[in-house]
Amino acid sequence: MKLRSSLAGLPAYVPGRPPAPHQGLTTYKVSSNENPYAPLPQIIEAAERALRTMNRYPDMAASALHHALARRFGVASSNLATGTGSVGLLQQFVQATCDQGDEVVFAWRSFEAYPICAAVNGAVSVRVALRPDESHDLEAMAAAITARTRMVLICQPNNPTGVGARATELDAFIKRVPDDVTIVIDEAYVEFADDPNMPDGLELFRRHGNVALLRTFSKAYGLAGLRVGYAIAHDELAQALRSCAVPFGVSSIAQEAALAALAVEDELQERVVHIIRARAEVTQALRQQGWSLPDSQANFVWLRLGSDSQRFAAFCDERGLAVRPYGDDGVRITVGDAPADTRFLEVAAEWRATRP
Ligand SMILES: *Cc1c(COP(=O)(O)O)cnc(C)c1O
């Protein structure tokens, strides 16, 4: 048997772990950037209704969902593609744009699915180091584009550092990218961004023929377990993305729940506001403890702990908190669940007290 050569050395996706059980200790999972709120009743009811027809295939074109998204964002239905989470769409993007050996440029450290999606589809990852302030080095990313580059991924704001590119610099970057290179702006956390200097992704999509947006129902909309994401892309690319989709990949339950979530967006938005407030409180409390960390535009905070990262994660784990360490780079902690935030701040203070 022969396997595709690009699979050699493929990094494994490391999901955020659930907390290890500890006798007499409440444990919290703050390792996967999930929405801490249980689904709203209207969403559960819509999903339950869809369950009753699960002997039937879903609408392969997800027409109702595409129409609802088109209305919501003021684009044409032909600009939409859905997939099994935005990770599913990420694969569709690589499949739609890259031949074997073509290059995908992205920042590093960034979302760990990027190198995996590139490799499993035969593309080559080109990683460009983040700047010291944890933001994308857009200058270096533009310089990394070659004749083989088909796609550039901008994680906006970046997972795991929480920092986003400013509108002006992203605009300047887009102008430097050749027209035949697709720029995918991964806006998985865009609903949590409140910095007025952040770009309006939809506006960038409208102004540039090679810009596409990647979005998800997993984070702000709280549907991570149902696997549904969407892309907003210009017609030809959107059509190609739909062609690359796993047929019937987005279940009828996911389609109906996503539609119901769009219908109760105002209520979901209130939860997002709470999470944004929690992020500000956690950030401020950490700084008061003496930590330095970037301002996050997402539902997590980032501590660049370097060689202490794994030790800090183990320290948290022993105290009932599953956080997400990244090698020797840092640790990402999801915020927004009040008891977990409180516990985390206690543990962070305890860690500092044990350090000289
Ligand atoms: C969580 C996340 C996604 C969303 O993944 P889904 O497959 O939609 O659950 C996409 N991009 C980034 C950067 C993420 O952190």
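Any read-out appearing in this document is the output of simple, stated calculations on the displayed coordinates, not a laboratory observation. Just so it is clear, the structure is predicted and the values come from calculations on it, not from any experiment. With ideal geometry, Cβ positions are generated from the backbone for all residues, glycine too; neighbour counts draw on all protein chains shown.
Amide H to amide H, with H built 1.01 Å from N, Phe300 comes under 5 Å of Val335, counting only residues 5 or more places away or on other chains.
Of the two radii for segment 137-292, the radius of gyration is 1.00 times the Kirkwood radius, both from the alpha carbons; that is the Rg over Rh value. Sparse packing (at most 11 other Cβ atoms within 10 Å of the Cβ) combined with a DSSP loop state is found for the following trypsin sites (Lys or Arg not before Pro) in segment 44-80: Arg52, Arg56. Scoring 21-27, 262-268, 197-203 by mean Cβ neighbours within 10 Å over their residues and listing the highest first yields 197-203, 262-268, 21-27. Per-residue ellipticity at 222 nm computed for the chain from its helices equals -12000 deg cm²/dmol, with DSSP H segments shorter than 4 residues left out and the rest contributing -39,500 (n - 2.57). Using equal-weight Cα scatterers in the Debye expression, the normalised intensity of the chain in log10 at q = 0.11 Å⁻¹ is -0.76. Computed from backbone phi with θ = phi - 60° and the Karplus coefficients 6.51, -1.76 and 1.60, the 3J(HN,Hα) list for segment 104-114 is 10, 9, 8, 6, 8, 7, 9, 5, 6, 6, 4 Hz; x is used for glycine and proline.
Were the residues from Leu51 through Gln310 laid out at 0.36 nm apart, the gain over their Cα-Cα distance would be 89.1 nm. Here the convex hull built on the C-alpha positions of segment 1-111 has a volume of 264 cubic angstrom per residue. With both labels modelled 7 Å from their Cα along Cα-to-Cβ, the Arg4 to Ala353 distance reads 5.2 nm. Separation of segment 90-131 and segment 185-199, taken as the distance between their Cα centroids, equals 21 angstrom. Using 0.36 nm per residue and subtracting the Cα-Cα separation, the extra length available between Ala144 and Ala280 on full extension is 45.5 nm.
The spacing between segment 15-63 and segment 243-305, judged by their C-alpha centroids, is 14 Å. Loop-located chymotrypsin sites (Phe, Trp or Tyr not before Pro) across segment 11-53 with a Cβ neighbour count of 16 or fewer within 10 Å are Tyr13, Tyr37, with loop assigned by DSSP. Near the amide H of Val128, within less than 5 Å, lie the amide hydrogens of Phe106, Ala107, Trp108, all on another chain or at least 5 residues away, with H placed in the peptide plane. Between segment 312-333 and segment 224-239, the C-alpha centres lie 32 angstrom from each other. Near Tyr28, the amide H atoms lying under 5 Å from its own belong to Leu321, Ala322; only residues 5 or more places off or on other chains count, and H is placed 1.01 Å from N.
Along segment 318-327 the Karplus relation, 6.51 cos²θ - 1.76 cosθ + 1.60 evaluated at θ = phi - 60°, assigns HN-Hα couplings of 4, 9, x, 10, 8, 9, 10, x, 10, x Hz to successive residues, with x for each Gly and Pro.
Placing +1 on each Lys and Arg Cβ and -1 on each Asp and Glu Cβ, with no other charges, gives segment 41-263 a dipole about its Cα centre of roughly 520 debye. Placing unit charges on each Cβ (+1 for Lys and Arg, -1 for Asp and Glu) gives segment 45-167 a dipole about its Cα centre, and among Ile116, Ala81, Gln92 the Cα reaching farthest toward its positive end belongs to Ala81. Gain on full extension, evaluated as 0.36 nm per residue between Val181 and Gln239 minus their Cα-Cα distance, stands at 19.2 nm. How about Lys219: which lysines have a C-alpha closer than 27 Å to its C-alpha, ignoring those fewer than 8 places off in the same chain? Excluding near neighbours in sequence, the set is Lys29. Phi angles of segment 56-66 translate, via the Karplus equation with coefficients 6.51, -1.76, 1.60 and θ = phi - 60°, into HN-Hα couplings of 9, 5, x, 5, 4, 8, 6, 4, 4, 5, 4 Hz per residue; Gly and Pro are given as x.
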